[in-house]
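The values are calculated or read from the model by the stated rules, or taken from the named source; none is laboratory data. Everything quoted here is computed from the prediction, not taken from an experiment. Cβ placement follows ideal geometry from the backbone for every residue including glycine, while neighbour counts extend to all protein chains displayed.
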Amino acid sequence: MNLQSDITTIKGVGEKSATLFHKLHIESVKDLLFYFPRDYETFEEPVWIKDAKADEICTLRVFVCGAPTLKKVRNLSILNVFCKDSTGTVKITFFNMPYMKNILKSGQEYLFRGILRKDHTMEQPKIYKEEEYRKLLPFIQPRYSLTKGLSNQAISKAMRNLLSLCPLPEDILPQKIKEEAGLMDYREALHNIHFPENEGKLLKARNRLVFDEFFYFMLMLHRSREITGQAENQFSMIETAESRRFLEKLPFKLTKAQSKVMEEIKEDMTGNHVMSRLIQGDVGSGKTIVAFYALLLCISNGYQGAFMAPTEVLARQHFETLNKMTRDYGLPFKPVILTGSQTASAKKEVYAQIESGEANLIIGTHAVIQDKVSYKNLALVVTDEQHRFGVRQRDALRNKGREPHVLVMSATPIPRTLAIILYGDLQISVIDELPAGRKQIKNCVVGTEYRPKAYEFITRQVRENRQVYCICPMVEEGELDNCENVMDYTEKLKAVLPKEFRIASLHGKMRPSDKNRIMEDFSAGNIDVLVSTTVIEVGINVPNATVMMVENAERFGLAQLHQLRGRVGRGDAQSYCIFMQGGGSEETKKRLEILNQSNDGFFIASEDLRLRGPGDFFGVRQSGEFSFTLGDIYRDADILKKAADAVKQNEEELFSADFIKKFKEQNGSYKWNFVDFGTI
């Protein structure tokens, strides 16, 4: 067995279980090795009910008192059973598990593990036998993201067999860098990330793997700078009458920050070198109108421009907006839309318009930079944070002709110190003020006991013809313990909200066509309540949505919660955000309270950076542009800085033929998240 071997070469993984592994995108032994745990679980001695801390995970040894009761509300079955020990009573609830009625016997003792609420209720706990539980006590247990039919135990068993039988990758990081950064050996880190000997070794293992992830990303950035650093501007431009008139005709006054950034863009595009600029601005700060100005400057000089959006829904919204502005202001735009779901004949027609120059503004998803697209004179590409414009995309466009200007828009609130590192190949512009008259979103951080009131509030908002987002950290049961998941939560809402409400679910495991259909339906007002994962963090603009409720808010970073909050507050009506804390300590609650204090994304990001400790690495992955496999730019800011310094100080050795050869031999064309080793 080697890392390139098929997953079925691992003892205990047959064809049937291999099919389940494939659902998790695990095809090879190497894929499994790099399938890191999503979190870990430590087991403690069972506690008395009176000693259990409210809203935290605990294990109770209790007796069932009385027969369980089962009721059905539409498609949701709810089973309740009362249990007690000598210090108190607890009500335990199971959803959609009617068979538990035959398992739980009155008078028998059980071990229940879950979150005990202040009102002495526990939902969906795990049940353990005494002997089974005793075996778990001494160890830190890895918990992997699962799919239906594949248990955590099955993945753990396969991982143990892999680690005992397969040669692990060589540690190619130069010794000097490892010593200066105080890093654990690579192979030891791979063992301890899956089966940690203790908490100290787990932290060191994670730090090593996070360092590598950041390190190779920074290596790619340096490669990008070498290629694009001082490229000559081959598209001669001047400020045009159309661009000036456009600004004069706008029905609103630009903020000082918007005007300043537009001036910086104009200087770039009319200067001697190719523009590579990032516009960093909070949700609602007016980045899009600045991007439209840049496109107008480009097109009014006789060139083509492209606008990449993260989803087809948002691409169509931008297309409609630009069509309307073209009519209203007499702009020289001749826009076309290009997306993956278009028919082959429709794409062929658009390709011809782009190649001939008949279309001067191309709006779409990543389809706008695919090989089949041939531009006549593309001079500007505007993209957002979901389509990081890197070395490969620049190479692709350079091969089509001359190198275009690049403008990247980001609503990810990253403190400037980190932005300079992460966007080292871009000049940074910041829009740090909101347009006048925008209503501030009203926020509240509450416990789960507030949920009935939240549902009443949602009911009132929908009856006022408003729309609602409900965010869950997971797609289906089993992915994260003691967390709400989209599939079950959708059924819960259908059971408790009025029957006539139109409720739908959305998550990243859906087919792209289904995701687009649901987002379009929500955008069109055909869905009242959308239950979703963070897939809606970008890519959908629904001014009629006024409520955002986030379940298990403690599982998210503050910066990500702020971006989720940005999905509401886009229209004239007052908007609200409810952060439901499903568990966690008082410190966690204090961290969430920062969202009550401020709607300023950059302040929130700085606080996130300050408050998230080095051992605090359980929760939902921060998404957005920098969704590293393990690393989190806020929590791991110190490691990011170390990795950036290591690349900068050892650049000559790292780009030597010897290191590149070792690097490619070890990694081949393997892509670790978005760092494509094949391009180094």
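Assorted remarks:
Conditions (1) surrounded by 21 or more Cβ atoms within 10 Å (Cβ to Cβ); (2) in contact with a Lys or Arg (Cβ under 9 Å, 6 or more places away or on another chain), marked per residue:
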{"position": "T417", "(1), (2)": "no, yes"}
{"position": "L422", "(1), (2)": "yes, no"}
{"position": "I428", "(1), (2)": "no, yes"}
{"position": "R438", "(1), (2)": "no, no"}
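- Among the residues listed as L331, L314, the single one being within 30 Å of A559 (Cα to Cα), in contact (Cβ under 8 Å) with a residue 60 or more places away in the chain and either of a type outside the set (K, R) or assigned to a helix (DSSP H, G or I) (or both): L314
- Looking only at region 557-590, and only at residues there that are surrounded by fewer than 23 Cβ atoms within 10 Å (Cβ to Cβ) and charged (D, E, K, R), the one that is nearest to A52 (Cα to Cα): E586
- Here F235, F215, F292 are screened, and the one residue that is within 28 Å of the chain's Cα centre (by Cα), outside the structural domain of L380 (by TED's automatic domain parsing) and not small (G, A, S) is F215.
- Contact map, region 365-385: first residue within 25 Å of K266 (Cα to Cα), second residue among the charged types (D, E, K, R) and at pLDDT 90 or above, Cβ cut-off under 7 Å, separation 6 or more or different chains; pairs are K376/E355.
- Of the numbered criteria (1) under 25 Å from M1 (Cβ atoms); (2) at pLDDT below 90, the one S156 fails is (2).
- Qualifying residue in region 25-33 (condition: surrounded by fewer than 18 Cβ atoms within 10 Å (Cβ to Cβ), under 30 Å from L137 (Cα atoms) and acidic (D, E)): yes
- Those strands (runs of 3 or more DSSP E) of region 52-96 in which 2 or more residues are surrounded by 15 or more Cβ atoms within 10 Å (Cβ to Cβ) and in the same structural domain as Q108 (by TED's automatic domain parsing) occupy 56-64, 76-85, 88-95.
The rows are residues; the columns are (1) out of contact with any strand residue (DSSP E or B) (no Cβ under 9 Å at 6 or more places or on another chain); (2) over 17 Å from T412 (Cβ atoms); (3) not in a strand (DSSP E or B).
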{"position": "L254", "(1), (2), (3)": "yes, yes, yes"}
{"position": "S259", "(1), (2), (3)": "yes, yes, yes"}
{"position": "M262", "(1), (2), (3)": "yes, yes, yes"}
{"position": "L278", "(1), (2), (3)": "no, no, no"}
{"position": "V283", "(1), (2), (3)": "yes, no, yes"}
{"position": "T288", "(1), (2), (3)": "no, no, yes"}
{"position": "A306", "(1), (2), (3)": "no, yes, no"}
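- Check on G557, within 22 Å of G284 (Cα to Cα) and either among the aromatic types (F, W, Y) or under 15 Å from the mean Cα position of the chain (by Cα) (or both): yes
- Taken over region 144-188, the residue count meeting the criterion of being farther than 20 Å from E41 by Cβ, assigned to a helix (DSSP H, G or I) and of a type in the set (G, A, S) is 2.
One line per residue, one yes/no per condition, for (1) touching a Pro at 6+ places or on another chain (Cβ under 6 Å); (2) more than 26 Å from M474 (Cβ to Cβ); (3) aliphatic (A, V, I, L, M); (4) touching a residue at least 24 places away in the same chain (Cβ under 8 Å):
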| position | (1), (2), (3), (4) |
| --- | --- |
| H25 | no, no, no, no |
| V29 | no, yes, yes, yes |
| R61 | yes, yes, no, yes |
| G66 | no, yes, no, yes |
| T69 | no, yes, no, no |
| Y99 | no, no, no, no |
| L104 | yes, no, yes, yes |
| R113 | yes, no, no, yes |
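- Residue in region 381-397 that is in the same structural domain as F319 (by TED's automatic domain parsing), modelled with pLDDT of 75 or more, assigned to a loop (DSSP other than H, G, I, E, B) and over 21 Å from D636 (Cβ atoms) present: no
- Answer residue from region 529-554, given it is part of a helix (DSSP H, G or I) and more than 14 Å from V486 (Cβ to Cβ) and is modelled with the lowest pLDDT among those: E554
- Residue match in region 230-250 (condition: crowded, with 20+ Cβ neighbours inside 10 Å and touching a Leu at 6+ places or on another chain (Cβ under 6 Å)): yes
- Note on region 335-349: residues that are touching a Gly at 6+ places or on another chain (Cβ under 9 Å) and either among the β-branched types (V, I, T) or surrounded by fewer than 16 Cβ atoms within 10 Å (Cβ to Cβ) (or both) total 4.
- Set side by side, the residues V531, V550 differ, and just one is farther than 23 Å from T588 by Cα, surrounded by 21 or more Cβ atoms within 10 Å (Cβ to Cβ) and β-branched (V, I, T), which is V531.
- Of the residues making up region 317-331, those that are in contact with a strand residue (DSSP E or B) (Cβ under 9 Å, 6 or more places away or on another chain) and surrounded by fewer than 19 Cβ atoms within 10 Å (Cβ to Cβ) are N323, T326.
- When residues of region 23-32 are limited to those that are part of a helix (DSSP H, G or I), farther than 14 Å from A154 by Cα and not acidic (D, E), the one modelled with the highest pLDDT: V29
- Sub-6 Å Cβ pairs linking a first residue in region 549-573 that is over 22 Å from R460 (Cβ atoms) to a second residue that is part of a loop (DSSP other than H, G, I, E, B) and at pLDDT 85 or above, at least 6 apart or interchain, are N552/P473; N552/E484; R555/P473, ordered by first then second residue.
- Checked against the criterion of being in a strand (DSSP E or B) and surrounded by 13 or more Cβ atoms within 10 Å (Cβ to Cβ), region 7-21 contains not a single residue that satisfies it.
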